[in-house]
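Worksheet: one structure, shown below.
No lab work stands behind these numbers, since they all come straight from the coordinates. Keep in mind it's a predicted model, so treat the numbers as computed, not measured. Positions of Cβ are generated from backbone atoms using ideal geometry, with glycine treated the same way; all protein chains shown enter the neighbour counts.
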Amino acid sequence: KLPLDIETIRLDFPILKRKVNGYPLVYLDNAATSQTPQQVIDVIVDYYSNYNANIHRGVHSLSQEATDKYESARKKIQQHFNVANSHEIIFTSGTTHSINLVANGFAQELEKGDEVIVSALEHHSNIVPWQMLCEKTGAILKVIPMTQEGELDMEAFHKLLSAKTKMVFVNHVSNALGTVNPIEEIIEATHKVGAAILVDGAQAAPHIKADLQALDVDFYVVSAHKICGPTGVGMLYGKEKWLNKLPPYQGGGEMIATVSFEKTTYAELPHKFEAGTPNICGGIAFGAAIDYMNAIGFKNIAAYEHQLLEYATKELLEIEGVKIYGTSKEKTAVISFNIEGLHPYDIGTIVDKLGIALRTGHHCAQPIMDFYKIPGTVRASFSFYNTFEEVDLFIGAIKKAKMMLQ
Ligand code: PMP
C-alpha cells in the first residue's frame, strides 16, 4: 500500500503534463532542482499581480502587505525547522550564498594554524568558500575521508578533532550519492572540542524535516528550489550568539541602524545580514512551498521515496554491467551509477531523447569522483511525485541506451 495518493499529487504539478522530445516527461533530476506545484506558482502570480512593493520601508498599504507576508514566511520557516527565534532565520539567495556569508564572517574567528574540517562528500559550494577562508587566514583545511560505500569514515573524523579545530562543515545528505550523514554524532563531537559546525541541508530538506534545536547545530543552510520553491532564495539558520558575533557580509540599505560618514551602526538581526532589496516574492513562495510539503507530510514523503528507491535499485542492478556508487543503508532516493564501458554523458543524452531527465557528470562533487577514479556518474534522483511506472520507463530507457551504445 502506498503512503501517498500520487495521482492526485501529480495534478498539482503542471510541468508533469508536458512532453519532452515527443515522450511524457519523466523528471528524475530532483536533486538538482525540484518542480513547482500550482499552489506555489499561484502565490508568485498573486504577489506580482496584487501586492508587489518594496518591504520594510514604505508606509503605504502595499508595502505593509508585502512586509507582513515576507515576515510571515520567515515564521513558517522558523516553525518548520523548530528554531527558537525568527531572527535566527536569514533570507539569502540560496545555500551557496548562506555558506559564503558564514565563511566570510568566520575570518575573524581564525588564526594561522587553526584547523577547519570538511568532509570528502561535499558539494563544491561547501568546499570552495572554506578554501578561500583558509587562504585568507592561514587556517588549515582537514578532510574527513570517505569509504567505498560512500559513507564518512567516522573513526578518522574523531581522530581529526582537536583543540585546534575551530569549525566543521558537512552536508546532512550528499547530493552526488544520497548518503545521509550521522550529523547528530558529528555535531556532538564537534562541540566537545569547542568548535562550531555548519550543516549543509540542501539535499536533506526535501526528505527530512530537521529539528534544529534538537540537533543543537550552529548553522544550517537550505535552498528553496530543492523543496518545491523558486530558485534564487534560501535560508541561513544561525544561533543568535553566532549571528550577533559575525560581521555583516554585505553593506547597503536595510542592514543599517544609522549611517554617517564617520560611522555606521548595523541593524538588529536578521536585517544585519539582509542588505538590499531581497527576493521578496521568492521568500513568500518559499513559505508556501514549506506549507505544501508539510501538508503532504515528511514521514509519508520519506516512506514513499524509500519504496521508489528500493524498486529502482533492484531493477537497475538486474542490468548487466551496472555499478551503483553510494551503497549506504542510510540514503535518500538518489542512485548514482555507471554502466561498464559506457560514458555517463552518452547515456544521459540518449535517455533524454526518450523524455527522461537525469543528471550526468561530477555533480559539483569532483573529490567523490576522484575517490572512485571515474569522470562522473549518471544520477537518478526521485521525488514524492515520481511513480513506479516512471521507474519502469527509466529502466527501459537505460536498457535501450545500453543496447545502442554497445
Ligand atoms: N550543497 C548541496 C549538497 C547541494 O546539493 C547544492 C545544490 N546542488 C548546493 C549545496 C548548492 O545549492 P545552490 O546552488 O542552490 O546554492
Next on the checklist: Compute the angle between helix 388-405 and the longest alpha-carbon principal axis of the chain, please, reported from 0 to 90 degrees and rounded to the nearest 10.
Outcome noted: 70 degrees
Next on the checklist: Please list, ordered by chain and number, the residues whose modelled amide H lies under 5 Å from the amide H of GLU115; skip anything fewer than 5 residues away on the same chain.
Outcome noted: ILE140, THR165, LYS166
Next on the checklist: Under the rule of at least 5 residues apart or a separate chain, name every residue whose amide H is placed under 5 Å from the amide H of ASP153.
Outcome noted: MET146, THR147
Checklist entry - What's the extension gain from ALA295 to HIS343 if we count 0.36 nm per residue and subtract their Cα-Cα distance? => result 13.2 nm
Next on the checklist: I'd like the Karplus ³J(HN,Hα) series for region 288-300: coefficients 6.51, -1.76, 1.60, θ = phi - 60°, whole numbers in Hz, and an x wherever there's a Gly or Pro.
Outcome noted: 5, 5, 5, 4, 4, 5, 5, 5, 6, x, 5, 5, 5
Checklist entry - In bins 20 Å wide, starting from 0, what share of all Cα pairs of the chain does each bin hold, as a percent? => result 26, 55, 18, 0
Item to check | Simple spin-label estimate for GLU7 and GLU71 in nanometres, 7 Å along Cα-Cβ | outcome: 4.6 nm
Checklist entry - What are the ³J(HN,Hα) values, in whole Hz, obtained from phi via the Karplus relation 6.51 cos²θ - 1.76 cosθ + 1.60 with θ = phi - 60°, for each residue of region 143-159 in sequence order, with x given for Gly and Pro? => result 10, 6, x, 10, 9, 4, 6, x, 10, 6, 7, 6, 5, 5, 4, 4, 6
Checklist entry - Applying the Karplus parametrisation 6.51 cos²θ - 1.76 cosθ + 1.60 with θ = phi - 60° to the phi angles of region 244-251, what ³J(HN,Hα) value in whole Hz is obtained for each residue in order, glycine and proline being reported as x? => result 5, 6, 6, x, x, 8, 10, x
Item to check | Within straight-line cross-link reach of LYS299, aspartates and glutamates at Cα separation under 16 Å, skipping those fewer than 8 residues along the same chain | outcome: ASP5, ASP211, ASP291, GLU330
Item to check | Added length on full extension, which subtracts the Cα-Cα distance from 0.36 nm per residue, SER328 to GLN108 | outcome: 75.5 nm
Checklist outcome for this item: Over 32 Å (Cα to Cα) among LYS112/LYS239; LYS159/LYS226; LYS142/LYS399 -> LYS159/LYS226; LYS142/LYS399
Item to check | Inter-part distance where region 245-268 and region 328-406 are each reduced to a Cα centre, Å | outcome: 47 Å
Checklist entry - ALA31's amide H: which non-local residues (gap 5+, or another chain) put their own amide H closer than 5 Å, with H modeled 1.01 Å from N in plane and none for Pro or chain starts? => result SER381
Checklist entry - Distance from the Cα centre of region 131-175 to that of region 176-208, in angstrom? => result 11 Å
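Suppose a student asked you for the relative contact order of the chain, using Cα pairs under 8 Å spaced at least 6 residues apart; what percent would you report? Walk me through the intermediate numbers first.
Details: 789 pairs, mean separation 94.2, N = 406.
RCO, the chain: 23 percent.
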Item to check | Pairwise FRET efficiency - MET403 versus LEU62, Cβ, R0 = 56 Å, nearest 0.05 | outcome: 0.40
